[in-house]
Amino acid sequence: MRAIPTILVAASMLLAPAGTAWAQADVLQRSFPGGAALPPAFDTPEERRAVPALAWTGGAAAGGPAGGGPEDAAGAAAPVILPAGLPHPDADAEARRRFADDWALAALPAPPAATAEAEGTVATFTQYRENAVAFNLDFTQRTIGKLFFTAPGGDATCSGAVVSGNNLVVTAAHCCYTPGSGFHTNFTFFPGYRLGASPFGGFTARTAVVPAGWRTGGFNRRKNDVCLLRMRPNRDGRDITFFTGHLGLGMGLPYVQSLHAVGYPGNIGGTEFMELCTAESFRPPRGCGRDNVLNMGCSMTFGSSGGPWVAGYRGSNLVTGVVSGYDDATCTGPFGTTFNGPRFTAATIGKLCDRLGGC
């Protein structure tokens, strides 16, 4: 795996040394039996296109505004950066041979209604599509994909991204675990997904981990809305990072950043296309569970959950959070124009990395 040079966002940021460890307490974990074969419900493009997006849980149900509460100390810990890495040089050639049918679907045009959607600046963000014409095989985009799984209410979809050379996919905790019911099952990730197809095939999950704080709730559950999935090799024995490489991770970065949010929302493109918003993140108001939570302007809603928030998009490619959802107009903003997510720290995603052997 070839590493991309890290671009520091601020002079105080640190490049984490190999073997950096964080405490492993307060992590929920589940391993899944089975092999590389895709679950029957997600095996074909037609079946994948029929799976609905996972709806957001709102407000108090998701640990939203609690009124008051502790505030984190600004600058209490130096930020940590784990750099991105490129895919294998032979990835595209092998993928074309192995997934010829999926690559053929790249030639299909987008439906007229999808291509006619408005683009450009709306309120405080800009929204556009990353794979309108065909599969987007650029390095950054190929690491991002659509996640399928079985939740208590049935099969559903979220978004996610590959963030480690150890074959780890990051998404939102609510895509992996329902408090009171436990872990979801049949996790299957399709990087670069478009119109039911993936240029690199699908990968099943071996293990899922979420912070215990997501289950227990309490003040500021949003900061714990993150999940890591360790993916199995495919049926040919290839790891997902052979084809995709991986994005980096940024922990403890500033609340105000220029970010790109990427995902597969149902309200734009029917979850079939990779959509993107670019905006400046900001911290929620006081009394809104603002501790290690980010808000960001964007028009994406259900289905974008778990999609990465990337600093240095197409550059250093540092994932600093994921799409969590929406609380209310006071704490998040108008629905459909703003959403929120966890601000990654060593105390949240750092613990999950450590539990799975490092990111």
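Some points to look at:
- When MET274, MET251 are checked against the criterion of being touching a helix residue (DSSP H, G or I) at 6+ places or on another chain (Cβ under 9 Å), under 17 Å from PRO79 (Cα atoms) and touching a residue at least 24 places away in the same chain (Cβ under 8 Å), MET251 stands alone in meeting it.
- Conditions (1) at pLDDT 95 or above; (2) crowded, with 24+ Cβ neighbours inside 10 Å; number of the one not met by ARG232: (2)
- Residue, nearest to PRO342 (Cα to Cα), within the range 273-294, restricted to residues that are surrounded by fewer than 23 Cβ atoms within 10 Å (Cβ to Cβ) and among the acidic types (Asp, Glu): ASP291
- Some residue of the range 210-217 being assigned to a helix (DSSP H, G or I), touching a residue at least 24 places away in the same chain (Cβ under 8 Å) and closer than 19 Å to LEU86 by Cβ: no
- So THR150, is it modelled with pLDDT of 95 or more, surrounded by fewer than 18 Cβ atoms within 10 Å (Cβ to Cβ), assigned to a strand (DSSP E or B) and β-branched (Val, Ile, Thr): yes
- Matching residues, the range 235-262, being at positive phi and crowded, with 18+ Cβ neighbours inside 10 Å: GLY245, GLY252
- Any hit, the range 245-268, residues being within 30 Å of ALA93 (Cα to Cα), in a loop (DSSP other than H, G, I, E, B) and of a type in the set (A, V, I, L, M): yes
- Among the residues listed as GLY297, GLY306, the single one being more than 12 Å from the chain's Cα centre (by Cα) and either surrounded by 22 or more Cβ atoms within 10 Å (Cβ to Cβ) or of a type in the set (D, E, K, R) (or both): GLY297
- Of all residue pairs spaced 6 or more apart or on separate chains, those with beta-carbon atoms under 8 Å, a first member in the range 278-296 that is acidic (Asp, Glu) and a second member that is part of a strand (DSSP E or B) are GLU280/SER258; GLU280/LEU259; GLU280/MET296; GLU280/GLY297.
- Within the range 103-128, the set of residues being closer than 29 Å to PRO40 by Cα and either modelled with pLDDT of 95 or more or buried (at least 17 other Cβ atoms within 10 Å of the Cβ) (or both) comprises TRP103, LEU105, ALA106, ALA110.
The values are calculated or read from the model by the stated rules, or taken from the named source; none is laboratory data. Just so we're clear, the structure is a prediction, and the values are computed from it rather than from any experiment. Note that we place each Cβ from the backbone using ideal geometry, even for glycine, and neighbour counts take in every protein chain shown.
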